[in-house]
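Every number in this text was worked out from the coordinates using simple rules, so none of it is lab data. Because the structure is a prediction, the values reported are computed rather than measured. Cβ placement follows ideal geometry from the backbone for every residue including glycine, while neighbour counts extend to all protein chains displayed.
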Amino acid sequence: MFSDELAKISWEDTTALIHSKSSRDVEAALSKEILDVDDFMALISPAALPYIEVMAQKAQYYTQERFGKVISMYIPLYLSNACTNFCVYCGFQYPNKIKRTTLTPEQIKAECEAIRELGPFENLLIVTGEFPSVAGVDYLENALRIARPYFNNLSIEVMPLKQQDYYRLTKSGLNGVVCFQETYHKDRYKVYHPHGMKSNFEWRLNGYDRMGASGVHKLGVGVLIGLEDWRTDITMMAYHLRYLQKHYWRTRFSVNFPRMRPAEGHFQPNVVMTDKELAQVTFAFRLFDHDVDISYSTRESPKFRANMMKLGVTSMSAGSKTEPGGYVSTPEALEQFVVSDERTPAEVVAEIRSLGYEAVWKDWDKIFD
Ligand code: SF4
């Protein structure tokens, strides 16, 4: 389990190592074709900021070499904002007195139809809060079955499950799982997640092992930027990715670096990552791993997304609603966070084309399941 590996890595030593990196370390990393985590640390260090143009060019080269000039499109579907957790940064946290909504089977169907009206989406990300008695495995299985006729690729971003439950859902159409560890700092994790299932650091951290062992086709990993030192957190994620690739080599992986957005609850981020720093991390990750899918959501602004789609990003959401039933059923429900890119999918695709890229709606067929 990755918790055993993480226990051997000191947070403090890693932070110190990143900040000790020099221009010589950066140049050494840039001269290599295959990078290890130590090289990655150099590329996300402050010492690498003067090299950002070189990093951008190399990131663009590797991305076009492996992916071509394409952006894979996906869209989230929030099914429930019921949650038993107390994540201090989230508007859906249990103590918040908000209207809780969990979509009925009829509403899920209506949402799927409304999404298909928005654009020819084939990659759907189903999202729920963590409330097993309301949106548990039976509910998810039914939702996957309802969505299956409308979409060729189904992923979930829900509570971490048991291995047998992931396996069971793959039999009902599940192709991918996205899960954010939020932070790899074990002690601080407890401060952000004081109660509820999510307060169990190891259960979440080792969830990726359960996903990999169950044969889920694609795993998405990520940390929430705004909690702890992002350089250290993303380095831990790089260690985690390498571990998962070694153990679950049949699986595809994606990485996400979501920056905290305003939400009900008014949590102020502890750290801020600038656009330049997010670009640096994106380039560094592409140099570290030429094949990993790098995903940007509508949390990021249209201008920034347009710049980054040429330099390392390979998948994007568009037209997203982050409230359950937001496409047609209950658009007045509370959204999890305020999106930054509010354009329609057609507008996003027009921009992708104007930049000489192609929007890819379908990159998986259910016949492969
Ligand atoms: S981040 Fe997820 S688990 Fe935490 S309160 Fe929000 S919906 Fe619940």
Most fluctuating residue given options K97, K321, K276, as computed from a GNM of the chain linking Cα atoms under 10 Å: K97
Debye, to nearest 20: dipole size of the range 142-271, +1 on Lys, Arg Cβ, -1 on Asp, Glu Cβ: 520 debye
Under 19 Å from the T330 label point (7 Å along Cα→beta-carbon), backbone N, the range 93-120: 93-115
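Report, in deg cm²/dmol and to the nearest 500, the calculated mean residue ellipticity at 222 nm for the chain, where each DSSP H run with n ≥ 4 adds -39500 (n - 2.57) and the sum is divided by the residue count.
-12000 deg cm²/dmol
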Most mobile listed residue (Q60, Q280, Q107) in the chain, GNM with C-alpha springs under 10 Å: Q107
Per the chain, cysteines lacking a partner by the 4.7 Å Cβ criterion: C83, C112, C179
Computed lengthening from S133 to T104, 0.36 nm per intervening residue step minus Cα-Cα distance: 9.0 nm
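Might you report the magnitude of the Cβ-based charge dipole of the chain about its Cα centre, with Lys and Arg at +1 and Asp and Glu at -1, to the nearest 20 debye?
Details: 42 positive and 47 negative charges, 76 e Å.
Taking the Cα centre of the chain as origin, the dipole is about 360 debye.
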Distance (nanometres) between label positions extended 7 Å along Cα→Cβ at K186 and Y150: 4.2 nm
Most fluctuating residue given options S301, S72, S155, as computed from a GNM of the chain linking Cα atoms under 10 Å: S301
Compactness of the range 105-181, expressed as Rg and Dmax over alpha-carbon positions, Å: 12.0, 35
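Suppose R0 equals 35 Å; then what is the FRET efficiency for W203 and E347 from their Cβ-Cβ distance, rounded to the nearest 0.05? Could the numbers behind the result be given before it?
On the way: r = 40 Å, r/R0 = 1.15.
Computed FRET efficiency for W203 and E347 comes out at 0.30.
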Ranked list, fewest to most other Cβ atoms within 10 Å of each Cβ, for M236, M273: M273, M236
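Rounded to the nearest 0.05, what FRET efficiency do E5 and L49 give with R0 = 35 Å and r taken as the Cβ-Cβ distance? Could you check?
Numbers: r = 30 Å, r/R0 = 0.85.
Given R0 = 35 Å and the Cβ-Cβ separation, E is 0.75.
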Order of I18, I225 under a 10 Å beta carbon neighbour criterion, fewest first: I18, I225
Lys/Arg +1, Asp/Glu -1 at C-beta; the chain dipole; positive extreme among L118, Y51, N142: N142
Förster radius 25 Å - calculated FRET efficiency between K276 and D363 (Cβ-Cβ, nearest 0.05): 0.25
Likely footprinting exposure, L118, L6, L79, fewest C-beta neighbours within 10 Å first: L118, L6, L79
Rule-of-thumb Rg ratio for the chain [Cα; 2.2 N^0.38 Å; N residues]: 0.94
Within the range 119-144: backbone nitrogen closer than 15 Å to the Q164 label point (7 Å, Cα to C-beta): 137-138
